[in-house]
Every structure is written in C-alpha cells, then in structure tokens.
Amino acid sequence: MTNRSKMKVYQEVLNKIRHFIEDNELKDGDRLPSERELSEQLNAGRSSIREALRAIELLGLIETRHGEGTFLRTYRPYHSVELLSTFVLREVETKQELLEVKFLLEKICLEKLNDGSCDVGDISDFFNEKSACNLHTQLFLHLFSKIENHLLLKIWHLVAGFTETIDQPRVDDSQYHQFYQLIKEGQFNDAANLHASIYQSSLINTS
C-alpha cells in the first residue's frame with residue numbers, strides 16, 4: 001500500500017470516529033467503545049482504529065484510563081500546542097505573524113463589544129492578577145466568551161496557547177492597567193486604540 005493510500009485510509013477512519021461521536025451525541029466524560037467494538041461498528045481494521053485513537057489522544061481530545069477504557073474530554077489547546085510549537089514557531093517572522101493573528105482576533109472581539117450587543121459583566125476580579133500577561137489572557141478569555149462566538153473563542157484560545165510558548169514581549173503594566181480600566185468603563189473604542197498601541201510595542205520588542 002502506498003503512503004497516499006495509507007493516508008486516505010487513516011483519514012477515513014478519523015472521519016468515521018468523528019461521525020460516530022456526533023451521531024451518538026457523545027460528550028465530555030462519555031466512554032468510547034473498545035477498539036474491537038469500534039472496528040466492528042465502523043468496518044475498519046483494529047490497527048487503523050488504534051492509530052487514529054492515538055492521534056486523537058495526542059491532541060488531548062480523549063484520554064485512556066487504565067482498566068476503565070477511553071473517554072472523551074473537553075478540548076484543551078495547550079495539549080497540542082506544546083508538541084506543535086517546537087516545529088511551527090522556529091522563525092522570528094512566524095512569531096511576529098502569530099502575534100499579529102492574536103491581535104486581529106482580539107481586535108474583532110473589541111469591535112463586537114463596541115457595537116453594544118454584549119454585556120461584559122463584572123470584571124473587577126481580573127485586576128487582582130499579578131502580571132499583565134496573566135491579566136490579558138484571563139480578561140480576553142472572559143471577553144471572547146461574552147460575544148458568544150464559540151469558534152472564534154476556540155481559535156483565539158489556540159493562538160493564545162502558541163504565544164505562551166514563545167518569549168513574551170514585556171508589557172507596560174501601567175499601560176495595560178489603563179486598558180483594563182477602559183474595558184471596565186465600557187470605552188471599547190479607546191480600549192481598541194490602546195490595544196493597537198500595545199501590540200505595536202510588542203512587535204518592536206520581538207524584532
């Protein structure tokens with residue numbers, strides 16, 4: 001069997017497992033059938049099932065508990081980020097592009113908040129974070145959840161995870177506290193302008 005044929009079979013098995021999970025409406029914590037049962041139900045070889053499950057586990061989508069079986073788990077991007085970042089984030093240009101993507105996603109979030117359709121809620125507790133970097137991550141995690149676009153949140157969360165693996169540019173705490181205050185007061189347009197200024201400073205620090 002050629003490499004192309006093997007990849008096609010592998011992809012087909014992954015798709016079958018995905019459809020099985022969707023069709024059976026399995027959720028976080030639900031148990032998957034055994035390799036033998038999946039092989040019979042999906043009409044696929046056990047070795048192909050095993051390889052596909054290993055790949056899915058590597059991404060942090062399932063976990064195997066000794067003596068219990070294989071269970072679905074909530075996707076946490078940091079499981080795959082640590083593995084991929086070693087190969088993906090090798091060039092300075094790539095790191096700068098990553099920061100740009102993160103900035104653009106956050107800009108979209110602030111624009112959606114600025115149109116007045118979302119209630120940010122109480123963010124007072126975020127100011128207790130010791131570092132601006134931690135404050136930024138936790139604050140935007142909260143803000144993205146408020147715009148109710150779950151795909152956008154997942155994409156940002158993945159990109160934010162990659163940025164955790166690179167040398168972080170130093171953030172001016174006073175500038176970031178000002179950004180926090182603008183968010184707290186609902187001045188999203190001013191916050192977006194300051195957010196852009198912080199981003200430009202980060203590019204200078206990583207160049």
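Through the Karplus equation 6.51 cos²θ - 1.76 cosθ + 1.60, θ set to phi - 60°, convert the phi angles of region 177-193 into ³J(HN,Hα) values in whole Hz; use x for Gly and Pro.
Once rounded to whole Hz, the list reads 5, 5, 4, 4, 5, 5, 5, 4, 8, x, 8, 6, 5, 5, 5, 5, 5.
Report the full-extension gain for the segment E164 to H150: residue separation times 0.36 nm, less the Cα-Cα distance, to one decimal in nm. Before the final figure, lay out the partial values.
Details: separation 14, 0.36 × 14 = 5.04 nm, distance 2.10 nm.
Between E164 and H150, full extension yields an extra 2.9 nm.
Since every read-out is calculated from the coordinates, none of them should be taken as a lab result. Note that this is a predicted model, so its numbers are computed, not measured.
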